[in-house]
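Below is one structure, written out as structure tokens, with a few remarks after it.
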Amino acid sequence: MTVEIKDMMLDKVAIGPVSARIYQGEEFAKGPPVLLYFHGGAFLESGPRHCPLAECLASTGAIVVVPDYNAPLGGVFPKPLEVGFSIFSYLAKKRAGLGDRKSQLLIGGEESGGNVAAGVALKARDHFANELDGQVLLSPLLDPFMGTVSFRSADQIGMRQRWADGWSHYLSGGACHPYAAPRMCSRLSDLAPALLVSAADDPLLDETNAYADRLKQAGVMVRQHVFPAGTGWPSIYGGTSGEARTWQDDLCRQFSDFLHDIRIH
């Protein structure tokens, strides 16, 4: 499906106007799912940019909203989370002309954006539990200690120092709240259903799988998928990868199946 891309201003968000890039399939059904999607960048990047993952997910018929969530208040926790939650709250109430009241509302993101999405899901559980239909976490950056076995391969793809710098920046406000490091959260029950995706050659594999396991233990509905090595998956967050990207069709299937699962759920 061809995807249309346009920029718009979300001008009625509580914290103030936020620019966003909208990805929308040219042909979509009535009540298309709306996915609020937070881009990666190791907590360090802001500004509009093309998001291949958002375009991929939009090709399934979803409307994907990618906000410039670091720009309004800065990139140090809790500011990005406050912006993300304000946008989610606005979409939950008004939809901003995106989709309709029958549309499923989801949040998601890759790498550091996956962290913000997981944090917003936690906060939504406490404030707008009935409004969030699902969360899509693609190699979320969840562990500030960076001590997992899979993380040892971060140097091989050129990401260890970048992630260390990113965590130092994001947590420089002096707190490690569960919303900032969701893997450390002790209460995960009653969260929205989750799709978690990683790859066998992804340094973030272990923290993604660990979070999926803890969600399952808390009674959360989880769909989990691990791409085999060699699909070029680490390139989604800027990791050095010599392989061509071959994950697109499979990711679209996983996302479509997840939407079907949560409709039934």
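The values are calculated or read from the model by the stated rules, or taken from the named source; none is laboratory data. Being a predicted model, the structure only gives us computed values, none of them experimental. In this analysis, Cβ positions are derived from the backbone assuming ideal geometry, glycine residues included, and neighbour counts consider all displayed protein chains.
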So, of the residues in the range 244-258 that are part of a loop (DSSP other than H, G, I, E, B) and in contact with a helix residue (DSSP H, G or I) (Cβ under 8 Å, 6 or more places away or on another chain), which turns out to be surrounded by the most Cβ atoms within 10 Å (Cβ to Cβ)? Trp247
By residue number, the members of the range 13-27 that are in contact with a helix residue (DSSP H, G or I) (Cβ under 6 Å, 6 or more places away or on another chain), within 16 Å of Lys94 (Cα to Cα) and not β-branched (Val, Ile, Thr) are Ala14
The range 40-54, subset on the phi > 0 side of the Ramachandran plot and either touching a Leu at 6+ places or on another chain (Cβ under 7 Å) or in contact (Cβ under 8 Å) with a residue 40 or more places away in the chain (or both), residue surrounded by the most Cβ atoms within 10 Å (Cβ to Cβ): Phe43
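Condition check: under 16 Å from Glu111 (Cα atoms) and aliphatic (A, V, I, L, M). Does Val222 satisfy that? Let's see the steps before the verdict.
Values: under 16 Å from Glu111 (Cα atoms): no; aliphatic (A, V, I, L, M): yes.
Answer is no for this residue.
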Filter the range 24-74 down to the residues that are within 20 Å of Gly119 (Cα to Cα) and more than 16 Å from the chain's Cα centre (by Cα) and list them by number. Ala71, Pro72, Leu73, Gly74
First in the range 55-75 and free of Cβ contacts under 8 Å to residues at least 24 places away in the same chain, second anywhere and of a type outside the set (Ser, Thr, Tyr) and part of a loop (DSSP other than H, G, I, E, B), Cβ under 9 Å, 6 or more apart: none
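Being out of contact with any Ser or Thr (no Cβ under 9 Å at 6 or more places or on another chain) and either at pLDDT 85 or above or small (Gly, Ala, Ser) (or both) is the filter here, so list the residues in the range 94-112 that pass it. Show your work before the answer.
Of the residues in the range 94-112, the ones out of contact with any Ser or Thr (no Cβ under 9 Å at 6 or more places or on another chain) are 94, 96-109, 112.
Hits for the range 94-112 are Ala96, Gly97, Leu98, Gly99, Ser103, Gln104, Leu105, Leu106, Ile107, Gly108, Gly109, Ser112.
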Give Arg214, Arg183 a once-over and let me know the one that is surrounded by fewer than 23 Cβ atoms within 10 Å (Cβ to Cβ), within 17 Å of the chain's Cα centre (by Cα), without any contact (Cβ under 8 Å) to a residue 60 or more places away in the chain and within 30 Å of Glu131 (Cβ to Cβ). Arg183
Just a yes or no: is a residue in the range 219-241 surrounded by fewer than 22 Cβ atoms within 10 Å (Cβ to Cβ), charged (D, E, K, R) and more than 16 Å from the chain's Cα centre (by Cα)? no
When you look at Gly75, is it in a loop (DSSP other than H, G, I, E, B) and either closer than 24 Å to Ala192 by Cα or touching a Ser or Thr at 6+ places or on another chain (Cβ under 9 Å) (or both), yes or no? yes
